[in-house]
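Engineer: This is the structure I want to talk about, given as structure tokens.
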Amino acid sequence: MTDIEQLQKFIDESKNIVFFGGAGVSTASGIPDFRSPNGLYAQNYGNKAPEYILSSTCWKRERELFYKFYFDKILMNGQKIEPNIIHKKLAELESIGKLKAIITQNIDTLHQDAGSKNVYQVHGTTLTNHCIRQGCNKEYSIKDLFERKNEDGIPVCDCGSAIKPDVTLYEEKLPSDAWENSVKALKNADMLIIAGTSLVVYPAASLLNYFHGDKLVILNLQETEADSMADLVIHKDMKDVFEKIIVR
Ligand code: CNA
């Protein structure tokens, strides 16, 4: 049996699958990940590390730099990004009742765009943005961000304060509702597919400790620290793997 046949067998035998993914899920849609050889961390962005630019410290000290990077590399300058075969097959698996939840470290909206409903974004989302002034907190869309840039490139609320994306920056606390929903889904799961993540960002990576089912699959181009715990490890492009999975 090939590794993909084994994955198909696991999926066919399972009733409560949870998918835990990372940036590798969206690379086939044209959004670069962080830690692949051609990922954002290999690029030089004004000699500043992306970990710093996407931190709460940078948000407070160098908001112009934060937003320059955010518009360029996270919102891809407004370029239309479409869900790929991975997002689509996962949405199909949910629609037939096999996949119960997608836990994602991704901040893009591609799972929702593909039609998935139970998506827990443990690092927040680019979808919504809020004014930072307590007492205002007005919500804005991605489109609003582009339209509300001031001369420094920082989107500004009607009240004059900066608008901040609802993404979790380094040094910030994870959204508690997404975390609690993820833990609950993992505790009930009989199969966990971990894919497209280097599993080095904590506490998100520690979520897999809540899984007590009997089928743990790791699907990633590079090795991960959890490979030794898995029932099946596939080091292949997940797009090629998902293309072959039959939803039934
Ligand atoms: P990461 O650390 O960049 O790891 C990505 C992993 O995916 C690497 O180990 C790659 O080998 C693997 N990979 C990339 N493409 C494929 C592929 N086609 N098939 C199989 N494996 C592949 O990213 P993580 O998600 O682990 O790190 C968490 C960070 C990245 C989160 O905070 C995210 O918000 C952040 N991020 C998100 C996006 C997005 O929303 N699309 C993009 C870039 C970074």
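Engineer: State which residue is modelled with the lowest pLDDT when the search covers only region 90-124 and only residues that are among the polar types (S, T, N, Q) and open to solvent by 20 Å² or more (accessible area, probe 1.4 Å).
Structural biologist: The selected residue is 109.
Engineer: Within region 190-207, work out how many residues are buried (at least 19 other Cβ atoms within 10 Å of the Cβ) and either more than 16 Å from the ligand (Cβ to nearest atom) or on the phi < 0 side of the Ramachandran plot (or both).
Structural biologist: 10
Engineer: Continuing with this model, one more query. Among the residues of region 219-239, is any in a helix (DSSP H, G or I) and under 21 Å from residue 98 (Cα atoms)?
Structural biologist: Within region 219-239 (the criterion being in a helix (DSSP H, G or I) and under 21 Å from residue 98 (Cα atoms)), the answer is yes, since at least one residue qualifies.
Engineer: Something else: Would you be able to say whether some residue in region 68-88 is farther than 28 Å from residue 176 by Cα, crowded, with 19+ Cβ neighbours inside 10 Å and out of contact with any strand residue (DSSP E or B) (no Cβ under 6 Å at 6 or more places or on another chain)?
Structural biologist: Scanning region 68-88, I find at least one residue that is farther than 28 Å from residue 176 by Cα, crowded, with 19+ Cβ neighbours inside 10 Å and out of contact with any strand residue (DSSP E or B) (no Cβ under 6 Å at 6 or more places or on another chain), so the answer is yes.
Engineer: Go through (1) free of Cβ contacts under 8 Å to residues at least 24 places away in the same chain; (2) under 23 Å from residue 96 (Cβ atoms) and name the single condition residue 21 misses.
Structural biologist: Looking at each condition in turn, residue 21 falls short on (1).
Engineer: Shifting gears a bit: So which residues in region 88-115 are within 14 Å of the ligand (Cβ to nearest atom) and either part of a loop (DSSP other than H, G, I, E, B) or of a type in the set (Asp, Glu) (or both), if there are any at all?
Structural biologist: Correct list: 105, 106, 107, 108, 109, 113.
Engineer: Something else: Just name the residue that is nearest to residue 55 (Cα to Cα) out of those in region 223-232 that are within 12 Å of the ligand (Cβ to nearest atom) and open to solvent by less than 80 Å² (accessible area, probe 1.4 Å).
Structural biologist: In this case the residue turns out to be 224.
Engineer: Follow-up question, since we're still on this one. Check region 51-65 and report whether any residue there is within 13 Å of the ligand (Cβ to nearest atom) and in a loop (DSSP other than H, G, I, E, B).
Structural biologist: Checking region 51-65: at least one residue is within 13 Å of the ligand (Cβ to nearest atom) and in a loop (DSSP other than H, G, I, E, B).
Engineer: If we scan region 49-57, do we find a residue that is more than 19 Å from the chain's Cα centre (by Cα) and in contact (Cβ under 8 Å) with a residue 12 or more places away in the chain?
Structural biologist: Scanning region 49-57, I find at least one residue that is more than 19 Å from the chain's Cα centre (by Cα) and in contact (Cβ under 8 Å) with a residue 12 or more places away in the chain, so the answer is yes.
Engineer: The conditions are (1) open to solvent by less than 10 Å² (accessible area, probe 1.4 Å); (2) more than 14 Å from the ligand (Cβ to nearest atom), and residue 218 fails exactly one of them. Which is it?
Structural biologist: All conditions pass for residue 218, except number (2).
Engineer: Those residues that are buried (at least 17 other Cβ atoms within 10 Å of the Cβ), more than 16 Å from the ligand (Cβ to nearest atom) and assigned to a helix (DSSP H, G or I), I need them from region 146-189; list them, please.
Structural biologist: 181, 185, 186
Engineer: Still on this structure, please answer the following. Given the residues 144, 190, which is the only one that is touching a residue at least 12 places away in the same chain (Cβ under 8 Å) and touching a Lys or Arg at 6+ places or on another chain (Cβ under 8 Å)?
Structural biologist: Going through 144, 190 in turn, the sole match is 190.
Engineer: While we're on this one: Please enumerate the residues belonging to region 5-48 that are part of a loop (DSSP other than H, G, I, E, B), within 6 Å of the ligand (Cβ to nearest atom) and under 24 Å from residue 246 (Cα atoms).
Structural biologist: 22, 26 - these are the residues of region 5-48 that are part of a loop (DSSP other than H, G, I, E, B), within 6 Å of the ligand (Cβ to nearest atom) and under 24 Å from residue 246 (Cα atoms).
Engineer: Just to be sure I understand the filter: pairs with C-beta atoms under 7 Å, separated by 6 or more residues or on different chains, first member in region 114-127 and aromatic (Phe, Trp, Tyr), second member open to solvent by less than 50 Å² (accessible area, probe 1.4 Å) and not in a strand (DSSP E or B). Which pairs pass?
Structural biologist: 120/178; 120/182
The values are calculated or read from the model by the stated rules, or taken from the named source; none is laboratory data. No experiment lies behind these values; they were computed from the predicted model shown. Cβ atoms come from the backbone with ideal geometry, glycine included; neighbour counts cover every protein chain shown. To get the accessible areas, we keep the full protein, side chains included, count just its heavy atoms, and leave off ligands, DNA and RNA. Shrake-Rupley method; radii C 1.70, N 1.55, O 1.52, S 1.80 Å.
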